[in-house]
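Trainee: What follows is a structure written as structure tokens; I'll ask about it next.
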Amino acid sequence: MDADDAGTDLARVLLTKEQIAARVAELAAELDRDYAGEDVLLVGVLKGAVMVMADLSRAMRIPVSMDWMAVSSYGSGTKSSGVVRILKDLDADISGRHVLVVEDIIDSGLTLSWLLANLGSRGPASVRVCALLRKPDAAKVEVDVAYVGFDIPNEFVVGYGLDFADRYRNLDVVGTLAPHVYS
Ligand code: 5GP
Ligand code: MG
Ligand code: MG
């Protein structure tokens, strides 16, 4: 669905489909250079990273493998607690492999910092992160993110994989929701 389909649910479009596609292509080119000749495993974090994983991996020219993890970070509230549970673990053994974690958004950084420690303990050759979005003003822990699509303001966003109550993931833009949607 596009911004017109979302109608009055969207308050503001932050990133258009074209802006996202252009930036994803740039990131893919960077990854092609940095990982040329290496055995790379892209690890997508479900469910938000599905769109960026699909587009980024197809924009890349080098062969990659893909795997998925699902983690829960939010419990009942809307704030990240840093308490993370693995809902679905990797199928792949990552020891000795170059792992690139593909994320939708880095907010507090708590989920990611837990994930990096967890993956790091499995003996990979390297672990880096590629996130489509990052909210620098929301950071609670410093996480080294090697590849960032866009730094955005500290507002709740939906679209391009990101949901509110499991909706708006299939929106082709990234935007903020109108207040009436929350209430
Ligand atoms: P963190 O642990 O960095 O605070 O948050 C990690 C997860 O929270 C993200 O992967 C994402 O699923 C969710 N999240 C954080 N900020 C937003 C946002 O602005 N919109 C949506 N839809 N999800 C968010
Ligand atoms: Mg995520
Ligand atoms: Mg969500």
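Trainee: Find out how many positive minus negative residues lie around Ala59, taking Lys and Arg as positive, Asp and Glu as negative, among other residues whose Cβ is under 12 Å from that of Ala59.
Mentor: -1
Trainee: Further, regarding this structure: Out of all DSSP beta bridges with both ends in the range 16-154, state the antiparallel percent to the nearest 5. Working shown, then result.
Mentor: On the way: 3 of 26 bridges.
For the range 16-154, the DSSP antiparallel bridge percentage is about 10.
Trainee: Could I ask something else about it? Run the dipole for the range 29-154 about the Cα centre, Lys and Arg Cβ at +1, Asp and Glu Cβ at -1, nothing else charged, and hand back the magnitude in debye, nearest 20. Intermediate results must be reported in sequence, preceding the final value.
Mentor: On the way: 13 positive and 17 negative charges, 64 e Å.
Using Cβ point charges on Lys, Arg, Asp and Glu, the range 29-154 gives about 300 debye.
Trainee: Here is a further query. Pick out, from Val83, Val43, Leu27, the residue whose Cα sits farthest towards the positive end of the charge dipole of the chain, with +1 on the Cβ of Lys and Arg and -1 on the Cβ of Asp and Glu.
Mentor: So the residue we want is Val83.
Trainee: If you don't mind, another one. In the range 83-183, which GluC sites (Glu not before Pro) fall in coil by DSSP and have 12 or fewer other Cβ atoms within 10 Å?
Mentor: Loop-located and lightly packed - Glu142.
Trainee: So for the chain, what percent of the C-alpha to C-alpha distances run longer than 22 Å?
Mentor: Cα-Cα pairs in the chain separated by more than 22 Å: 44 percent.
Rule-based calculations on the coordinates, nothing more; no lab input. Note that the structure is a prediction, hence the values are computed from the model and not measured. Here Cβ is always computed from backbone atoms with ideal geometry, including for glycine, and neighbour counts include all displayed protein chains.
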